[in-house]
1. How far, in nm, would the chain grow between S34 and D119 when pulled straight, counting 0.36 nm per residue and subtracting the alpha carbon separation?
2. Tell me the Rg and the Dmax, in Å, that the Cα atoms of region 42-112 produce.
3. Using the Cα centre of the chain as origin and beta-carbon charges of +1 (Lys, Arg) and -1 (Asp, Glu), tell me which of C53, G99, Y134 is placed farthest towards the positive end of the dipole.
4. With every protein chain in place, what's the accessible area of M9 (1.4 Å probe, Å², nearest 10)?
5. Semi-axes, largest first, in whole Å: what does sqrt of 5 times each Cα gyration tensor eigenvalue give for region 1-79?
6. Dividing the alpha-carbon Rg of the chain by 2.2 N^0.38 Å yields what?
7. About its Cα centre, how strong a charge dipole does region 1-114 have in debye, to the nearest 20, once Lys and Arg get +1 and Asp and Glu get -1 at the Cβ?
Amino acid sequence: MNRRLITSMLSDRQIEDLITKALEARETSYCPYSRFRVGSALRTVDGKVFQGCNIENAAYGGAICAERTAFAKAISDGHRRFVAIAVACDYNHFITPCGICRQFMNEFGKDLEIFFVNDDRSYRRAVLEDLLPYAFGPENGPLK
């Protein structure tokens, strides 16, 4: 089901707050190899926002994306239900989460709203299920 045209569950003010926090998180990015700064802001169902940035490593496989950093912070604080995430970079071409991040986010709900934020604060919105159709998730395992 394509839900891109359905309006956001968040208010305009909540969206703007998420965008601001994603742009702020980008400032703490550690990316000496790619110089591609990414920040994210993840909103829980109870309104708490966790920020994340990309963290690179000389052994490239050891890097972690901004989205997963925000999720790791939230999950380690006991949160499991999320409403939306904003992802921002330094450029004005809407970036989307990589495949690993999409699969990681899918573990916590297909209805997650994702805002792709440009440096100029413009954004596009999608729902995770539209970015990762036919995903393998918790409902497919033996503990469904």
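1. Between S34 and D119, full extension yields an extra 28.9 nm.
2. Using the Cα atoms of region 42-112, the pair Rg, Dmax is 12.3, 37 Å.
3. Projecting each Cα onto the dipole axis, the largest value belongs to Y134.
4. For M9, solvent-accessible area is about 140 Å².
5. They are 25, 14, 13 Å, listed largest first.
6. In units of the 2.2 N^0.38 Å rule of thumb, it is 1.00.
7. On the way: 15 positive and 13 negative charges, 49 e Å.
For this selection, approximately 240 debye.
The values are calculated or read from the model by the stated rules, or taken from the named source; none is laboratory data. All of these numbers come straight from a predicted model, not from anything done at the bench. Neighbour counts are summed over all protein chains in view; Cβ atoms, including those assigned to glycine, are modelled from backbone coordinates with ideal geometry. Ligands, DNA and RNA are excluded from the accessible area calculation, which covers all protein heavy atoms including side chains. Shrake-Rupley method; radii C 1.70, N 1.55, O 1.52, S 1.80 Å.
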